[in-house]
Ligand SMILES: NC(=O)c1ccc[n+]([C@@H]2O[C@H](COP(=O)([O-])OP(=O)(O)OC[C@H]3O[C@@H](n4cnc5c(N)ncnc54)[C@H](O)[C@@H]3O)[C@@H](O)[C@H]2O)c1
Ligand SMILES: [Zn+2]
Ligand SMILES: [Zn+2]
């Protein structure tokens, strides 16, 4: 089968690889119909994710059709259409019993990281019963690809952890797919204002189309002043960090309102200064989270009912044969205006 294989920092290739096989009775083999590329795949290619070694098939998002199930799989059968969660979970360990699937002792974020992933014609899904979702008849497969990772991530790590409330003020730093997913799902709670911050005017224009009430281009280094002005000096009740670098986290520290929350979503590779000398008396909360995908079933219903339309995030489509071109397009988003690229594998 064809697969996109990581060969160490900066190196990847589309190759022929053997079909995955059932290894545990709880596994399923899924024939991928559609997959996509995540900002985290780019982090892997930069060498930022040491758990992912050379020879690994990348990808942790996708939809497909089951071709085989292990003897222990009871909830799914051959030919079922399924959505693959980026988080695999056994449903039984201490963390899974708390709903913290991201820390499952035999799962978590393993796909396209420590086991082969979804940017291929077929993938082995461990703990299939508790890591796959049935796709309802008539559902838009492309919309569902965005439920594997980015919508649950924006919602759980950003909106839920950030405690977005009706009438509140939200600031989202980073208008990439994750920041925009947080923007779309924050609107479930009717905040009075959502301010988006980015360096890229075209992403900020998209954010305004998606419901941002104000946007701030932070290129001039004066974003904190602009946001304080927009909020009459108070700052934002919820500040969502969706970039993953020290500058943007420190901006969040400057713009959080008294009593507010900084909800970190970004994957950070270096340390960041925590300005407790300014923050100690501001009654704030700082949260971090690896997405648990506990909200996937709920988000699926909001998509099915038409309340949420994630297909607005899809900008490009490629065949699996052209996945290297898809990576180029996704990696140069400022020029190509790419948000999410859909890759058709069959
Ligand atoms: N916590 C989790 O479970 C989880 C899951 C998935 C992704 N992530 C992380 O979320 C982050 C966002 O993901 P994405 O796919 O949207 O990434 P992305 O790279 O597509 O988007 C990041 C955005 O930040 C903007 N940006 C960069 N530097 C900036 C600055 N100094 N000021 C303002 N904006 C700036 C970029 O222009 C871009 O629009 C990444 O760090 C990713 O690894 C976390
Ligand atoms: Zn991802
Ligand atoms: Zn578990």
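Summary table below
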read-out	value
Efficiency of FRET between residue 250 and residue 331 - r from beta-carbon atoms, R0 22 angstrom, step 0.05	0.30
Compactness relative to 2.2 N^0.38 Å, alpha carbon Rg of region 167-243	0.96
Least to most buried among 277, 325, 141 (fewest other Cβ within 10 Å first)	277, 325, 141
Translational diffusion coefficient (Stokes-Einstein; Kirkwood radius from C-alpha pairs) of region 153-287 at 37 °C, 0.692 mPa s, in µm²/s	232 µm²/s
Ratio Rg/Rh [Cα only; Rh per Kirkwood] for the chain	0.97
Structure-based [θ]222 nm, the chain - -39500 (n - 2.57) summed over DSSP H runs of at least 4, per residue, nearest 500	-6000 deg cm²/dmol
Along each principal axis, Cα extent of region 22-90, largest first, Å	39, 23, 20
Percent breakdown of C-alpha pair distances by 10 Å bin, ordered from the shortest bin, for region 253-346	12, 23, 31, 24, 9, 1
Cut-off 11 Å, label 7 Å out along Cα→Cβ of residue 234, residues of region 184-222 by amide N	192-193
Mean-position separation - Cα centroids, region 248-270 and region 273-309, in angstrom	12 Å
Descending semi-axes in whole angstrom, ellipsoid equivalent of region 1-139, from the Cα gyration tensor	23, 18, 13
Span per principal axis, largest first, for the Cα atoms of region 122-162 (Å)	35, 26, 16
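Every number in this text was worked out from the coordinates using simple rules, so none of it is lab data. Here the structure is a predicted model, which means the values were calculated and not measured. Glycine gets a Cβ as well: all are built from the backbone with ideal geometry, and neighbour counts include every protein chain shown.
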